[in-house]
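Report on the following structure.
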């Protein structure tokens, strides 16, 4: 049934596509009848679940997103200045406003994160796998390299697999290649250097079986699949929305204006022979006065209102800053595979 396991990075799906099936099975330390349950469990403990990522609502991550706003930083600086120049009431008011904005944004985004976590936990996919010499059904997340699975009409390919045998198998690979026509698959090796769309001897995770059936051995799972690499790459960093870019530029403008006014007024007061402390306090008061203390609270409240309106229409928005860009959409264009253009 296969003993031991090779490093998951030793055999890639591109390499497996060029090798005969018996060589692939040997490299994966398995056989055409798959693994034993004990061996599969040992491999699972080493390579982890067959999932690109797990979704958890993390309090700290949501909170950090709320306080990264340049406008909030500007307000906190204004509050600190007010406190040290003796304007304790102004500092307290600014602090309360900042806490209100951050708290409101946190409450809405954390609620959305929890809803997404609940939806994610309800999704269950199963695969037909050969364990202990007999076909059985198991969770897709339990699959490991070396498992032999059965692909049937309408099933989603549960990992990057090498075809062992097939009957009129065709797979829809639009999710990876954008090609709307199904691709014929079979066990015959392909020439070295074949591109992703030319791996006719392999089926890739996330693609759909359009016709036929096959038996295949799992070569890669989770983040090591082609689909997983793309998904992880997209999730590494969130690009700034146009709304965030606008807020950042506005905050920068306010900071520059405050700096110029403060410096100019301070110099003028010194030229007019005003007391140094009075000149400094007056300059700082001007800087605090031009800071829009209520703007973060107003912005967060408006975005939260939009989020609730979308929720009533069964639309879940995980990040409040996306609301503005969503509201700007008048026409959404997609191609025939559903890819956003």
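The values are calculated or read from the model by the stated rules, or taken from the named source; none is laboratory data. Everything numeric here is computed off the predicted structure, so don't read it as measured data. Here the Cβ is made from the backbone with ideal geometry for all residues, glycine too, and neighbour counts use every protein chain on show.
Some notes on this structure:
- Search result, residues across the range 133-155 that are surrounded by fewer than 17 Cβ atoms within 10 Å (Cβ to Cβ) and in a strand (DSSP E or B): 134, 135, 136, 137, 139, 150
- Residues considered: 281, 270, 232. Of these, the only one that is at pLDDT below 80 and closer than 30 Å to residue 11 by Cα is 232.
- Within the range 88-106, tally of residues that are touching a residue at least 60 places away in the same chain (Cβ under 8 Å), surrounded by fewer than 19 Cβ atoms within 10 Å (Cβ to Cβ) and farther than 21 Å from residue 62 by Cβ: 1
- Residue match in the range 220-242 (condition: without any contact (Cβ under 8 Å) to a residue 60 or more places away in the chain and buried (at least 16 other Cβ atoms within 10 Å of the Cβ)): no
- The listed residues are 188, 194, 216, 168, and the only one of them that is in contact with a strand residue (DSSP E or B) (Cβ under 8 Å, 6 or more places away or on another chain) and either closer than 13 Å to residue 13 by Cα or without any contact (Cβ under 8 Å) to a residue 24 or more places away in the chain (or both) turns out to be 216.
- When residue 22 is tested against (1) assigned to a loop (DSSP other than H, G, I, E, B); (2) modelled with pLDDT of 85 or more, just one condition goes unmet, and that condition is (1).
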